[in-house]
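Have a look at the structure below before the remarks.
The values are calculated or read from the model by the stated rules, or taken from the named source; none is laboratory data. The shown structure was predicted, so the numbers you read here are calculated from the model rather than taken from an experiment. When we count neighbours, we look across all protein chains shown, and the Cβ atoms used for this are built from the backbone with ideal geometry, even at glycine. Each accessible area value is taken on the protein alone, full model and side chains, heavy atoms only, with ligands, DNA and RNA left out. Shrake-Rupley method; radii C 1.70, N 1.55, O 1.52, S 1.80 Å.
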Amino acid sequence: MYEYLVNILFSVTGNQFLAQASVMILIAALPLFVVILPYALAAVLAERKVSAFMQDRIGPNRTGYRGLFQTLADILKLIQKEDIINSEADKKLFNISPLLVFAGSYAAFAAIPFSGMFIGTNAEVGIFFILAISSLVVAGILMGGWASNNKYSLLGAMRSAAQIISYEIPTALVILSIVMLTGTLSLNTISELQTAYFWNWNIFGGAAEGFKQFILIPFMIAGFIILYISTLAEVNRVPFDIPEAESELVSGFHTEYSGMKFAMFFLAEYANMFAVSAIIATVFFGGYQSPFGYLGNTLNFPLLIPFEQFFWFMIKGLFFVFVQMWLRWTLPRLRVDQLMTVCWKYLIPYAFINLIIIGIISLL
Amino acid sequence: MKQYLKNTWEGLYTVIVGMKITFKHLFTPSVTIQYPEVKIPLPERSRNRLYVNIDDCIGCDQCARACPVGCIEIETVKSVPGEDLGKTSNDKKKALWVTKFDIDIAKCCFCSLCVYPCPTECIKMTDIYEYSEFERNNLVYSFSALTKEEAGEKKLNLEKFNAEKEAAKMKQAAPEPEKKQDKNEKESE
């Protein structure tokens, strides 16, 4: 995508540097304005609607047709709000923290392949980059909680740090097993390997041939469940929401934040939700690949394929976001010790065993 | 080890059970009632704001006497012969002008005791319960059909009639000169 756009701009302007710089800015801003912002607006509304329907309520239905503009109105309200910094806070760190959290979750989108064409960077270390850069979120959260000079914030931030760091281990182990199977770290290549029909998806044993594929299925499903649980914990969602546990910590690490800074945390949370859903979709469910072949191929109109791929990718990602919401309104919050038990006593051993078995099978 | 596997299984299984329940609820129609637009019908004998059908009121003051908190204030003026006040809906003759029939709903305790003694069933409970006001004075409901001027006129009419009657009486019985006792008493003191 980068070279393609640079070539176009170069032929128009005739200035190599200008073309490269503007394409870089464009590519950096594109996922934000095309995907994340509209998605976050829709997801907040969806979250409220899903929660309402699951509790037999109606949900927001006053702003616009059936409440469609509710989040837009919320954002407008947040923009107008006074930006309060408490006098005892460490102002510099307090201000940097939401940016850092958002940057961490936003940077992950650089390596996520939305379609064959629409991918920020086709780096060879894609998935590794995502795992590394999302750790920035921990720093941001800890920074914000500590700089707030508020006991609830600090408690929430420390819980969050402990949680995210613990749950990164099973995440990494499961992803490692997939990397072992496919032999690549690039998310684009992983998606390309699962092309054609849905039985080539990694959850159904990947593109391995015959016998091997069937043996892999149960371990892939186990890996998927472990990855799903641990990424759910990484984005601090219910039932792993002890960092912002409303009923015990006011609202955790962002207790002291208001207005647009609060909105940044909110946006980062929803962006993160989609990022991990996208990773799960890419790693186990074929990424942007259609489950039944492409309309563009049938109609002999290859220009349609990237759009179809984008569509399928969004469908898969949003489905997992929906499941996250579904879980949120189903399960109660875990206690801190339960949280650690789930991670260290259950997920990590299972992930290890899974990793070893998948390694052996892939060697067969 | 057995316990460990059992825990794992239960952890996953119970989550699925819970998810099944919430999924079912995703498609059950909501139980929310959109209040100002949609209201639940009230029970038949619910007690809310009072209403007085003043056309039927004969001004008997029974409701005001029954009221335990004294929130009903009634003033009546006798009618002069020749004035026709009409009849109530259950054929009772009205003899009094009801010049004032004020109910202070702020005081009302919704006991419904005023409703039972009414001989013409003109005071009753309605199903209106949304009548909040910013001023407490606005909660005093005035049910009298007569305006202030009309009420004053009726009063004047009655006074005139009474005066005429008195005058007629005076004429019949010859008036005796009154002794001025007050003056004597003062002097004796």
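Observations
- Every listed requirement among (1) part of a helix (DSSP H, G or I); (2) under 28 Å from B:Phe134 (Cβ atoms); (3) within 14 Å of chain A (Cβ to nearest Cβ) is met by B:Gln3 save one, (2).
- Pair list, Cβ < 9 Å and 6+ apart or interchain, from segment A:312-339 residues that are away from every other protein chain (no Cβ under 14 Å) to residues that are among the basic types (Lys, Arg) and open to solvent by 40 Å² or more (accessible area, probe 1.4 Å): A:Val336/A:Arg159
- Of all residues in segment B:92-114 being free of Cβ contacts under 8 Å to residues at least 40 places away in the same chain and part of a loop (DSSP other than H, G, I, E, B), the one that is nearest to B:Lys154 (Cα to Cα): B:Ala95
- The listed residues are A:Ile361, A:Ile356, and the only one of them that is of a type in the set (Val, Ile, Thr) and open to solvent by 40 Å² or more (accessible area, probe 1.4 Å) turns out to be A:Ile356.
- Test: residue in segment A:120-129 that is part of a helix (DSSP H, G or I), at pLDDT below 85, of a type in the set (A, V, I, L, M, F, W, C) and under 29 Å from A:Tyr288 (Cβ atoms): no
- Selection over segment B:115-133 of residues that are part of a loop (DSSP other than H, G, I, E, B), under 26 Å from B:Glu44 (Cβ atoms), open to solvent by 50 Å² or more (accessible area, probe 1.4 Å) and not hydroxyl-bearing (Ser, Thr, Tyr) gives a count of 4.
- None of B:Thr99, B:Thr22 is within 12 Å of another protein chain (Cβ to nearest Cβ) and either surrounded by 13 or more Cβ atoms within 10 Å (Cβ to Cβ) or within 16 Å of B:Thr120 (Cα to Cα) (or both) except B:Thr22.
- Residue match in segment A:179-188 (condition: farther than 30 Å from A:Met340 by Cα and open to solvent by 40 Å² or more (accessible area, probe 1.4 Å)): yes
- Any helices (runs of 4 or more DSSP H) falling wholly within segment A:291-364 and containing at least 2 residues that are in contact with a Phe, Trp or Tyr (Cβ under 6 Å, 6 or more places away or on another chain): A:304-328, A:348-363
- Conditions (1) at pLDDT 85 or above; (2) under 25 Å from A:Ala110 (Cβ atoms): number failed by A:Arg57: (2)
- Scan of segment B:134-148 for residues that are surrounded by 11 or more Cβ atoms within 10 Å (Cβ to Cβ) and either assigned to a loop (DSSP other than H, G, I, E, B) or in contact (Cβ under 8 Å) with a residue 60 or more places away in the chain (or both), ordered by number: B:Tyr141, B:Phe143, B:Ser144, B:Ala145, B:Leu146
- Residue match in segment A:172-182 (condition: touching a residue at least 40 places away in the same chain (Cβ under 8 Å), closer than 21 Å to A:Thr282 by Cβ and of a type in the set (Ser, Thr, Tyr)): yes
- Condition check for A:Tyr197: touching a strand residue (DSSP E or B) at 6+ places or on another chain (Cβ under 9 Å) and away from chain B (no Cβ under 14 Å): yes
- Given (1) open to solvent by 90 Å² or more (accessible area, probe 1.4 Å); (2) at the interface with another protein chain (Cβ under 10 Å from one of its Cβ atoms), number of the condition B:Thr28 does not satisfy: (1)
- Checking each residue in segment A:272-306 for being open to solvent by 10 Å² or more (accessible area, probe 1.4 Å) and closer than 18 Å to A:Ile175 by Cα picks out A:Asn272, A:Val276, A:Ile279, A:Phe285.
- Condition check for A:Phe109: within 14 Å of the chain's Cα centre (by Cα) and farther than 30 Å from A:Thr255 by Cα: no
- One residue alone among A:Leu41, A:Leu5, A:Leu9 is farther than 30 Å from A:Arg328 by Cβ, in contact (Cβ under 8 Å) with a residue 12 or more places away in the chain and surrounded by 18 or more Cβ atoms within 10 Å (Cβ to Cβ), and that residue is A:Leu9.
- Among the candidates A:Ser115, A:Ser105, A:Ser97, A:Ser87, the residue that is part of a loop (DSSP other than H, G, I, E, B) and within 27 Å of A:Tyr257 (Cβ to Cβ) is uniquely A:Ser87.
- The single residue among A:Tyr167, A:Tyr152 that is touching a helix residue (DSSP H, G or I) at 6+ places or on another chain (Cβ under 8 Å), surrounded by 23 or more Cβ atoms within 10 Å (Cβ to Cβ) and of a type in the set (Phe, Trp, Tyr) turns out to be A:Tyr167.
- In segment B:54-90, the residues that are open to solvent by 30 Å² or more (accessible area, probe 1.4 Å), touching a Leu at 6+ places or on another chain (Cβ under 6 Å) and assigned to a loop (DSSP other than H, G, I, E, B): B:Ser79
- Scan of segment A:296-311 for residues that are over 23 Å from the mean Cα position of the chain (by Cα) and either within 14 Å of chain B (Cβ to nearest Cβ) or among the aromatic types (Phe, Trp, Tyr) (or both), ordered by number: A:Phe301
- Among residues of segment B:147-176, those that are over 18 Å from B:Gly82 (Cβ atoms) and in contact with a strand residue (DSSP E or B) (Cβ under 8 Å, 6 or more places away or on another chain), counted: 1
- Scanning segment B:94-113 for residues that are farther than 17 Å from B:Asp61 by Cβ and of a type in the set (S, T, N, Q) turns up just one, B:Ser112.
- Listed by position, the helices (runs of 4 or more DSSP H) inside segment A:3-83 whose residues that are within 14 Å of another protein chain (Cβ to nearest Cβ) number at least 2 are A:37-54.
- For segment A:236-244, the condition holds for no residue, the condition being that it is in contact with a Leu (Cβ under 9 Å, 6 or more places away or on another chain) and either modelled with pLDDT of 85 or more or open to solvent by 30 Å² or more (accessible area, probe 1.4 Å) (or both).
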